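Contents: one structure, followed by commentary.
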Amino acid sequence: MPRVLVIAPNWIGDALMAQPLFAMLRLKRPDLRIDVLAPEWVAPVFRRMPEIDEVLSAPFRHGALQLKERWRLGRALRARGHVQAIVLPNTWKAALVPFFADIPLRSGYAGEARYGLLNLVYHKDRAAQVSMVEHYARLADAPGHSRTGREAPLPDPRLTTDAARARATALRLGIAIGNAPLAVLCPGAEYGPAKRWPAARYGALATNLVTKGWQIAVLGSSKDALACAEVALAAPGVSDLSGRTTLDEAIDLISCADLVVSNDSGLMHVAAALERPQVAIFGSSSPDHTPPRSRHARVIWLGMPCSPCYKPVCPLGHFRCMNDIGVERVLSECSALAMLPESAD
């Protein structure tokens, strides 16, 4: 049985946008086993993908070379007999483990001059504007292959959940599912403030929903603590869970949500993969490049002349791509989700 090793991205959103690649690999080779080498902060996402056979932990610090550790891991992986490695990150160091493991076919995008480390090299088409899902999915085909309209559309990312476990997780976090509709607000975004709708607006949104009988949970990492605290202070009764959940627990809680409002972030992609009703707010990035792939998602993006700039901080200083999005606009998009209950009554 042939075995492929995938070197995973370091970000939750990128991990989810890679899932259609795995589905395409399975479609082409139903007998294929897919192993993923992933950092522990991303691994829970892959463990919920039915296409993945085994998730291997990458014991590397974020941004660190750790050459000796990569050599040791590569030598240890030799015994698994992988016939191919697919390297998703563009960095030079990400391609080292498959090289040290002597995996015969090592594929990925050219990235940081990785010729030699990779022996099946793909090049990004600068002229074509493709989504990240399509960017990764191209690695299932030969270099230069162009998908046509006759081919089946790429599947959307989807995560598995256990309803009983999810409800137990929510209860442990102080959220009683079924007592009132649950809105999960995610005011953070790892890349930088230009991707974050102002926390004060999230606070006003939370206040509005609370008055309508909703219970609110605010999710984020410890890096989002200040923004999440501002939201919680604005509306009595809001549960601030920033930095208090594992990724598994966050996924469980989102799977119970009646509504998710987020920026363009990893948790936005989690909500889409769980098919929760959601409103996704974009600023410096583009919903054409990293959209929430779900029929239950509504996107707000003003498409300012200066966006997408893909900068972590607004280079012009006015931040209009986010500041010009009012709370009423977000509430309107929430109401437009036909399956969404408006209150607990």
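Only residues that are buried (at least 24 other Cβ atoms within 10 Å of the Cβ) and more than 18 Å from LEU302 (Cα to Cα): list them for the stretch 269-289, please.
Listed by number, the residues that qualify are HIS269, VAL270, ALA271, ALA272, ALA273, LEU274.
Residues in the stretch 162-195 that are part of a loop (DSSP other than H, G, I, E, B) and surrounded by fewer than 16 Cβ atoms within 10 Å (Cβ to Cβ): how many?
6
If the requirement is being without any contact (Cβ under 8 Å) to a residue 60 or more places away in the chain and assigned by TED's automatic domain parsing to the domain that holds THR290, which of these qualifies: VAL238, VAL261?
That would be VAL238, the only listed residue that is without any contact (Cβ under 8 Å) to a residue 60 or more places away in the chain and assigned by TED's automatic domain parsing to the domain that holds THR290.
Restricting to the stretch 205-233, count the residues that are among the hydrophobic types (A, V, I, L, M, F, W, C), more than 22 Å from the chain's Cα centre (by Cα) and crowded, with 19+ Cβ neighbours inside 10 Å.
Counting residues in the stretch 205-233 that are among the hydrophobic types (A, V, I, L, M, F, W, C), more than 22 Å from the chain's Cα centre (by Cα) and crowded, with 19+ Cβ neighbours inside 10 Å gives 6.
Evaluate the stretch 328-336: report whether one residue or more is surrounded by fewer than 18 Cβ atoms within 10 Å (Cβ to Cβ), in a loop (DSSP other than H, G, I, E, B) and modelled with pLDDT of 95 or more.
Scanning the stretch 328-336, I find no residue that is surrounded by fewer than 18 Cβ atoms within 10 Å (Cβ to Cβ), in a loop (DSSP other than H, G, I, E, B) and modelled with pLDDT of 95 or more, so the answer is no.
Which residue out of ARG114, ARG167, ARG106 is in the same structural domain as THR290 (by TED's automatic domain parsing), farther than 21 Å from ILE12 by Cβ and touching a strand residue (DSSP E or B) at 6+ places or on another chain (Cβ under 8 Å)?
ARG167
What about GLY74, is it on the phi > 0 side of the Ramachandran plot and either modelled with pLDDT of 95 or more or in the same structural domain as SER285 (by TED's automatic domain parsing) (or both)?
For GLY74, the condition - on the phi > 0 side of the Ramachandran plot and either modelled with pLDDT of 95 or more or in the same structural domain as SER285 (by TED's automatic domain parsing) (or both) - is not met.
Under the condition of being farther than 17 Å from ALA95 by Cα and in contact (Cβ under 8 Å) with a residue 60 or more places away in the chain, which residue from the stretch 1-10 is surrounded by the fewest Cβ atoms within 10 Å (Cβ to Cβ)?
Per the criteria, the residue is PRO2.
Restricting the first residue to the stretch 103-124 and requiring it to be acidic (Asp, Glu), which pairs with a second residue that is surrounded by fewer than 19 Cβ atoms within 10 Å (Cβ to Cβ) meet a Cβ separation below 6 Å and a spacing of at least six or different chains?
Filtered contacts from the stretch 103-124: GLU112/THR91; GLU112/TRP92.
Being touching a Lys or Arg at 6+ places or on another chain (Cβ under 8 Å), acidic (Asp, Glu) and surrounded by fewer than 17 Cβ atoms within 10 Å (Cβ to Cβ), is that true of even one residue in the stretch 63-72?
No, the stretch 63-72 contains no residue that is touching a Lys or Arg at 6+ places or on another chain (Cβ under 8 Å), acidic (Asp, Glu) and surrounded by fewer than 17 Cβ atoms within 10 Å (Cβ to Cβ).
Looking at the structure I just gave you, is TYR122 of a type outside the set (Lys, Arg), in the same structural domain as ASP14 (by TED's automatic domain parsing) and surrounded by fewer than 21 Cβ atoms within 10 Å (Cβ to Cβ)?
yes
Keeping to the stretch 244-268, report how many residues are hydroxyl-bearing (Ser, Thr, Tyr) and surrounded by fewer than 23 Cβ atoms within 10 Å (Cβ to Cβ).
Number satisfying all stated conditions: 2.
The values are calculated or read from the model by the stated rules, or taken from the named source; none is laboratory data. Just so you know, these numbers come straight off a predicted model, no measurement behind them. No Cβ is skipped: glycine too gets one built from the backbone with ideal geometry, and neighbour counts run over all protein chains shown.
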